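So the structure is just underneath, and the comments pick up after that.
The values are calculated or read from the model by the stated rules, or taken from the named source; none is laboratory data. As the structure is a prediction and not an experimental result, all values here were calculated from the model. Only protein heavy atoms, including side chains, enter the accessible area calculation; ligands, DNA and RNA are left aside. Shrake-Rupley method; radii C 1.70, N 1.55, O 1.52, S 1.80 Å.
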Amino acid sequence: MTEGQVADQAGLRRTVLVVALANLTYFGVEFAVALAIGSVSLFADSVDFLEDASVNLLIFVALAWSARARAKVGMALALILLIPGLATLWTAWDKFLDPVAPQPLALSLTGLGALVVNLSCAFLLARYRDHRGSLTKAAFLSARNDAFANVAIIAAGAVTAFLWHSAWPDLIVGLAIAALNLDAAREVWEAAREEHRAEA
């Protein structure tokens with residue numbers, strides 16, 4: 001490995017560690033607000049933050065491994081990406097049974113904070129998204145998809161406040177977050193398989 005490659009890998013390790021800590025911190029914030037106001041979309045997004053922290057910590061540990069080992073971890077990460085979707089379906093079912101609208105201002109403000117965190121993480125990871133196959137692709141896709149989800153959460157809060165005071169805007173966004181995670185899982189799985197084939 002050249003001196004430039006060593007420096008690049010060290011930069012990537014620092015980046016994913018910072019991203020992991022940022023995600024873990026905001027998971028606590030968003031999870032607490034989700035429970036307080038009964039929001040499906042914030043609950044789903046908070047699980048996303050926990051999943052992103054796990055993905056980036058795994059990348060931090062696994063960067064020194066062989067490409068084949070990284071590919072196997074990438075396949076495992078694809079399965080991890082499914083967790084928020086399953087958690088969303090569970091919380092959505094509870095909301096169907098008790099369709100109370102969440103507090104819209106808290107929903108939008110928490111979504112705005114999440115957007116700031118995710119855009120910052122996506123910006124940090126963008127230069128590394130093709131650096132080491134499926135692992136860094138997993139991290140970048142998670143941050144990117146979460147930023148889209150956060151915009152939808154902010155919009156759901158505005159719709160609930162001004163147009164349709166109902167549990168449905170929050171529910172719809174929560175289910176859309178689940179769909180984003182399914183698509184991200186598929187992309188990561190495909191990237192991991194390509195990485196595995198390249199080393200076969």
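Tell me the label only: which of (1) -0.62, -1.20; (2) -0.50, -1.30; (3) -0.41, -1.18 is log10 I(q)/I(0) by the Debye sum over Cα atoms at q = 0.10, 0.19 Å⁻¹ as calculated from this structure?
Correct label is (3).
Taking the chain as the reference, fit the longest principal axis to its C-alpha atoms, fit the long axis of helix 3-37 to the helix C-alpha atoms, and give the angle between the two in degrees, 0 to 90, nearest 10.
That helix lies at roughly 20 degrees to the long axis.
Express the accessible area of segment 43-150 per residue in Å², computed with a 1.4 Å probe while the remaining protein chains stay in the model.
Values: 4630 Å² over 108 residues.
For segment 43-150, the solvent-accessible area averages 43 Å² per residue.
Give me the percent of accessible area attributable to carbon and sulfur for the chain, probe 1.4 angstrom. List each step's numbers first, then the result.
Numbers: 6650 of 9470 Å².
That share works out to 70 percent.
Would you list TRP189, TRP90 from the most to the least accessible area, probe 1.4 Å?
Numbers: TRP189 100, TRP90 170 Å².
Descending accessible area places them as TRP90, TRP189.
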